[in-house]
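K.L.:
Have a look at the structure that comes next, please.
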Amino acid sequence: MLKGKKVVVGVTGGIAAYKACDIVSRLKKLGAEVDVILTKSAAEFVTPHTFQALSHNPVIIDMFETPRYWEIEHISLAQKADMILVAPATANIIGKVANGIADDMLSTTIMASTAKVVFAPAMNTKMFENSIVQQNIEKLKGLGYKFISPASGRLACGDIGIGKLCEVDDIIKYAVDILIPPQDFEGKNILITAGPTVEAIDPVRFLSNHSTGKMGFAIAEAAKARGGNVTLVSGPTTLKPIEGVEIISINSALEMYESVMEHFDGQDIIIKSAAVSDYRPETTANNKIKKHDGPLQINLVRNPDILKELGAKKGNKKLIGFAAETDNVIEYAKAKIEKKNLDLIVANDLTEEGAGFGSDTNVVYLIDNKQQVTKVEKASKLEVAHRILDKIKEV
């Protein structure tokens, strides 16, 4: 099932370290290539020889030990990993990563990796509930790190409460779901719009907004990972292209209108997450407008309402809109559903911390065509993207 997948298992110092042996064994049986990094504290609970026998790979503890290969090991592991699974994860390793500290092989490897990182915490109840630990967890969640919630029960110290490492079965299932996303959009053609549009005033100046395209690109990435055939129509951004996603670059709202209408017929789902300019200058100057005394008047005209036109002709297609507001968020979003014949609208309050343009996180309200509201609390935009796709499946 996991053949070809590369997993780095990080084991930190706690009595639950012995359960990591079962995790490594199970991942190997599923076909994954597993490398193990032990912290020095973890090696006091379970010896490296045990993990070496289970993983069939050398176990790394000290970042300054003589390397077995020519590569710098923490960089090599960071680059090859599809996922880094830290189980058990102590408050120490969570705090290090949350605050950018890289002083051992595990923390250094995590910092150097762009792979998915999953923490399975295990610690004393009072430690887990400590406000500093919780703040670190929330900070990492907002940055896209994943957490498998600990279980409740009798702890090794004798206390009863939350903090036990969750069941190995749950950890393995979570890892498989991360490494092999459900292909629930396989065969679906999905058109997504992203980013701002820019409306030229003259060859130098333009009207636009603060959108960076991060949310739309995250939805495209998530939809592609779940099997969709994705076309992304994007205004100007600095984001990297997504492998396997057709990207059509545009500048103005009229260009976006033409591109969306051109590709409309072959789509099953249209997700309009772009921040499209409502107005454009009536005329665009051929030369730079020179400043002069007194006010400058620029006449603006309405751009086409792309979402409304799509709603009028959507037929059996699923149509999802976005609403970025600063007040009356739910009220305005619900009105937009009716007015534009949407199946779902994603609304966010630009005044809410961690939401809106430019941020790596978002906080959104998912409102379906039955006016049911679901709030998605602050999370990485990729995580929010998957929640949006989950909701699209429901409607």
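K.L.:
Kindly establish whether A323 is touching a residue at least 24 places away in the same chain (Cβ under 8 Å), among the small types (G, A, S), buried (at least 18 other Cβ atoms within 10 Å of the Cβ) and in a strand (DSSP E or B).
P.N.:
Values: touching a residue at least 24 places away in the same chain (Cβ under 8 Å): yes; among the small types (G, A, S): yes; buried (at least 18 other Cβ atoms within 10 Å of the Cβ): yes; in a strand (DSSP E or B): yes.
Taking the combined requirement at face value, the residue satisfies it.
Yes/no matrix, rows are residues, columns are (1) touching a Leu at 6+ places or on another chain (Cβ under 6 Å); (2) closer than 15 Å to I94 by Cβ; (3) small (G, A, S):
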site: P121; (1), (2), (3): no, yes, no
site: N130; (1), (2), (3): no, yes, no
site: I137; (1), (2), (3): no, yes, no
site: Y145; (1), (2), (3): no, yes, no
site: S149; (1), (2), (3): no, yes, yes
site: L165; (1), (2), (3): no, yes, no
site: D169; (1), (2), (3): no, no, no
site: I172; (1), (2), (3): no, no, no
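K.L.:
While we're here: Among the residues of the range 293-308, is there at least one that is under 29 Å from D368 (Cα atoms), of a type in the set (A, V, I, L, M) and either in contact with a Pro (Cβ under 8 Å, 6 or more places away or on another chain) or not assigned by TED's automatic domain parsing to the domain that holds K214 (or both)? Working first, answer last.
P.N.:
Filtering the range 293-308 down to residues under 29 Å from D368 (Cα atoms) leaves 302-308.
Then drop every residue that is not of a type in the set (A, V, I, L, M), which leaves 306-307.
Right, trim to either in contact with a Pro (Cβ under 8 Å, 6 or more places away or on another chain) or not assigned by TED's automatic domain parsing to the domain that holds K214 (or both) and you get none.
Among the residues of the range 293-308, not one is under 29 Å from D368 (Cα atoms), of a type in the set (A, V, I, L, M) and either in contact with a Pro (Cβ under 8 Å, 6 or more places away or on another chain) or not assigned by TED's automatic domain parsing to the domain that holds K214 (or both), which makes the answer no.
K.L.:
Determine whether L366 is at pLDDT 95 or above, in contact with a Leu (Cβ under 9 Å, 6 or more places away or on another chain) and not assigned by TED's automatic domain parsing to the domain that holds L143.
P.N.:
Yes; evaluated as a whole, the condition is true for this residue.
K.L.:
Next up: Any residue in the range 265-287 that is free of Cβ contacts under 8 Å to residues at least 24 places away in the same chain, in a helix (DSSP H, G or I) and either farther than 30 Å from D390 by Cα or not small (G, A, S) (or both)? First the steps, then the outcome.
P.N.:
The initial filter retains those residues of the range 265-287 that are free of Cβ contacts under 8 Å to residues at least 24 places away in the same chain, namely 265, 282-283.
Checking the rest, the ones that are also in a helix (DSSP H, G or I) come to none.
No, because not a single residue in the range 265-287 is free of Cβ contacts under 8 Å to residues at least 24 places away in the same chain, in a helix (DSSP H, G or I) and either farther than 30 Å from D390 by Cα or not small (G, A, S) (or both).
K.L.:
Let me ask you something else. Of A222, A253, A200, which residue is touching a residue at least 60 places away in the same chain (Cβ under 8 Å), crowded, with 23+ Cβ neighbours inside 10 Å and of a type outside the set (D, E, K, R)? Quick ask: steps written out before the conclusion?
P.N.:
Details: A253 fails: touching a residue at least 60 places away in the same chain (Cβ under 8 Å); A200 fails: crowded, with 23+ Cβ neighbours inside 10 Å.
So the residue among A222, A253, A200 that is touching a residue at least 60 places away in the same chain (Cβ under 8 Å), crowded, with 23+ Cβ neighbours inside 10 Å and of a type outside the set (D, E, K, R) is A222.
K.L.:
Now, a different point. Counting just the residues of the range 14-57 that are in contact with a strand residue (DSSP E or B) (Cβ under 6 Å, 6 or more places away or on another chain) and farther than 25 Å from Q79 by Cβ, which one comes out modelled with the lowest pLDDT?
P.N.:
Restricting to residues being in contact with a strand residue (DSSP E or B) (Cβ under 6 Å, 6 or more places away or on another chain) and farther than 25 Å from Q79 by Cβ, the top hit is G14.
K.L.:
Can you run down the residue pairs with Cβ atoms below 8 Å, 6 or more apart or on separate chains, where the first is in the range 82-98 and of a type in the set (G, A, S) and the partner is assigned to a loop (DSSP other than H, G, I, E, B)?
P.N.:
A87/A122; A87/I148; A87/L165; A89/T12; A89/A122; A91/M123; A91/N130; G95/I101
K.L.:
Sticking with this structure for a sec: With the requirement that a residue be modelled with pLDDT of 90 or more and β-branched (V, I, T), what does the range 134-161 give you?
P.N.:
I137, I148
K.L.:
Of the numbered conditions (1) out of contact with any strand residue (DSSP E or B) (no Cβ under 7 Å at 6 or more places or on another chain); (2) modelled with pLDDT under 90; (3) of a type in the set (S, T, N, Q), T361 fails exactly one; give the number of that condition.
P.N.:
(1)
K.L.:
Within the range 354-363, is even one residue on the phi < 0 side of the Ramachandran plot and either in contact with a Gly (Cβ under 6 Å, 6 or more places away or on another chain) or assigned by TED's automatic domain parsing to the domain that holds G142 (or both)? Write out each step before concluding.
P.N.:
The first filter runs over the range 354-363 and keeps only residues on the phi < 0 side of the Ramachandran plot, leaving 355, 357, 359-363.
Restricting the remaining residues to those that are either in contact with a Gly (Cβ under 6 Å, 6 or more places away or on another chain) or assigned by TED's automatic domain parsing to the domain that holds G142 (or both) gives 361, 363.
The answer is yes; a qualifying residue exists.
K.L.:
So, of the residues in the range 150-165 that are touching a strand residue (DSSP E or B) at 6+ places or on another chain (Cβ under 8 Å) and either among the small types (G, A, S) or not assigned by TED's automatic domain parsing to the domain that holds I94 (or both), which turns out to be surrounded by the most Cβ atoms within 10 Å (Cβ to Cβ)? Please lay out each step first, then the result.
P.N.:
At the first step, the residues of the range 150-165 found to be touching a strand residue (DSSP E or B) at 6+ places or on another chain (Cβ under 8 Å) are 150-155, 160-165.
From what is left, the residues that are either among the small types (G, A, S) or not assigned by TED's automatic domain parsing to the domain that holds I94 (or both) are 151-153, 161, 163.
Details: A151: 13, S152: 13, G153: 11, G161: 15, G163: 24.
So the residue we want is G163.
K.L.:
When you scan the range 118-133, how many residues do you find that are under 22 Å from the mean Cα position of the chain (by Cα) and either over 17 Å from C166 (Cβ atoms) or among the aromatic types (F, W, Y) (or both)?
P.N.:
The total comes to 1.
K.L.:
Let me ask you something else. How about the range 226-243: which of its residues are within 21 Å of R387 (Cα to Cα) and either part of a loop (DSSP other than H, G, I, E, B) or not aliphatic (A, V, I, L, M) (or both)?
P.N.:
R226, G227, G228, N229, T231, I242, listed by residue number.
K.L.:
Further question on the same structure: Taking the stated definitions as given, is K141 in a helix (DSSP H, G or I), buried (at least 16 other Cβ atoms within 10 Å of the Cβ) and outside the structural domain of A225 (by TED's automatic domain parsing)? Break it down into steps so the answer makes sense when it comes.
P.N.:
Numbers: in a helix (DSSP H, G or I): yes; buried (at least 16 other Cβ atoms within 10 Å of the Cβ): yes; outside the structural domain of A225 (by TED's automatic domain parsing): yes.
For K141, the condition - in a helix (DSSP H, G or I), buried (at least 16 other Cβ atoms within 10 Å of the Cβ) and outside the structural domain of A225 (by TED's automatic domain parsing) - is met.
K.L.:
With the requirement that a residue be charged (D, E, K, R) and loosely packed, with under 11 Cβ neighbours inside 10 Å, what does the range 261-297 give you? Can you show your working first?
P.N.:
Filtering the range 261-297 down to residues charged (D, E, K, R) leaves 262, 265, 268, 272, 278, 280, 282, 288, 290-291, 293.
Selection gives D265, E282, K290, K291, D293.
K.L.:
Need at least 3 residues that are in the same structural domain as F45 (by TED's automatic domain parsing) and modelled with pLDDT under 90 per element, so show me which helices (runs of 4 or more DSSP H) inside the range 61-116 make the cut, counting only ones lying wholly within it.
P.N.:
Numbers: elements: 73-80, 91-98, 105-111.
The qualifying helices (runs of 4 or more DSSP H) are 73-80.
The values are calculated or read from the model by the stated rules, or taken from the named source; none is laboratory data. Please read these numbers as outputs of a predicted model, since none were measured by experiment. Note that we place each Cβ from the backbone using ideal geometry, even for glycine, and neighbour counts take in every protein chain shown.
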